1. Between a residue in segment 79-96 that is under 15 Å from L12 (Cα atoms) and any residue that is among the charged types (D, E, K, R) and surrounded by fewer than 18 Cβ atoms within 10 Å (Cβ to Cβ), which pairs come within a Cβ distance under 9 Å, given they are 6 or more apart or on different chains?
2. Filter segment 137-150 for residues that are within 17 Å of H110 (Cα to Cα), open to solvent by less than 40 Å² (accessible area, probe 1.4 Å) and at pLDDT 95 or above and give the result.
3. Within the group P59, P21, P25, P66, which residue is modelled with pLDDT of 95 or more, part of a loop (DSSP other than H, G, I, E, B) and under 28 Å from E130 (Cα atoms)?
4. Assuming R94 fulfils every condition listed in (1) open to solvent by less than 80 Å² (accessible area, probe 1.4 Å); (2) under 23 Å from P137 (Cβ atoms); (3) modelled with pLDDT under 90 apart from one, which condition is it?
5. When the residues of segment 1-58 are filtered to those that are among the basic types (K, R) and closer than 14 Å to E82 by Cβ, which remaining residue is surrounded by the most Cβ atoms within 10 Å (Cβ to Cβ)?
6. Quick one: which of L157, L134 is more than 30 Å from A31 (Cα to Cα), without any contact (Cβ under 8 Å) to a residue 40 or more places away in the chain and surrounded by 13 or more Cβ atoms within 10 Å (Cβ to Cβ)?
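The values are calculated or read from the model by the stated rules, or taken from the named source; none is laboratory data. Because the structure is a prediction, the values reported are computed rather than measured. Note that we place each Cβ from the backbone using ideal geometry, even for glycine, and neighbour counts take in every protein chain shown. Note: accessible area is taken over every heavy atom of the protein model, side chains too, but ligands, DNA and RNA are not part of it. Shrake-Rupley method; radii C 1.70, N 1.55, O 1.52, S 1.80 Å.
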Amino acid sequence: MIGLFVRDAAGLRPRAGIDVPPLVPAVETRASLVPLAVPEASAQWARWWDRALTRHEGPDRGFPAPESRFGDGEELGVLVRECFDDAVRWSSARGREYAEAMMRGGRRGHEGDLVRAVEKELGRKARPFELHVLELPVAGAVGWCVSEKRVVVSRALREDTAAYRRWLTPVIRKLA
């Protein structure tokens with residue numbers, strides 16, 4: 001979420017493989033960052049984002065911060081350094097919201113229910129499979145298949161049980 005915060009705060013308009021909508025709650029573009037949001041910073045951000053999504057498939061899981069030390073370029077590194085503390089605060093607040101929702105029992109259990117429904121439809125147990133669902137707090141009820149084992153969904157999609165079921169069932173059916 002740090003990288004997405006930087007993108008929104010700087011007003012970057014990257015052309016990445018997966019074009020993720022703006023964050024929710026919205027992160028306003030900061031006038032002080034706009035002069036630093038040069039085209040090369042957008043290109044560096046897009047390269048970082050595309051690598052970060054596929055990184056989950058390898059042994060080095062997790063999202064590295066989009067900084068120049070990851071080979072993304074100095075322009076992006078400057079933007080990250082300029083708003084890193086605010087990005088961490090924003091991201092931490094979203095983490096707390098997610099944890100509170102989990103404690104209330106919200107938004108969980110859909111995937112297991114979907115696997116059982118697909119098994120019933122197929123008339124057999126599902127083959128063993130691995131599926132990682134990455135939830136992001138972005139605008140709209142949207143989702144993307146990053147790979148056979150990884151999907152990215154918006155919080156809004158995951159909270160809409162019927163829409164999430166329609167979207168994820170074909171993914172599970174293919175894996176089962």
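1. E82/R30; C83/R30
2. Within segment 137-150, G143 is the sole residue that qualifies.
3. Details: P59 fails: modelled with pLDDT of 95 or more; P25 fails: under 28 Å from E130 (Cα atoms); P66 fails: modelled with pLDDT of 95 or more.
Among P59, P21, P25, P66, only P21 is modelled with pLDDT of 95 or more, part of a loop (DSSP other than H, G, I, E, B) and under 28 Å from E130 (Cα atoms).
4. (3)
5. So the first thing to find is which residues in segment 1-58 are among the basic types (K, R), and the list is 7, 13, 15, 30, 47, 51, 55.
Those left that are additionally closer than 14 Å to E82 by Cβ: 7, 30.
Working: R7: 27, R30: 17.
Per the stated criteria, the residue is R7.
6. On the way: L134 fails: without any contact (Cβ under 8 Å) to a residue 40 or more places away in the chain.
Residue meeting the stated conditions: L157.
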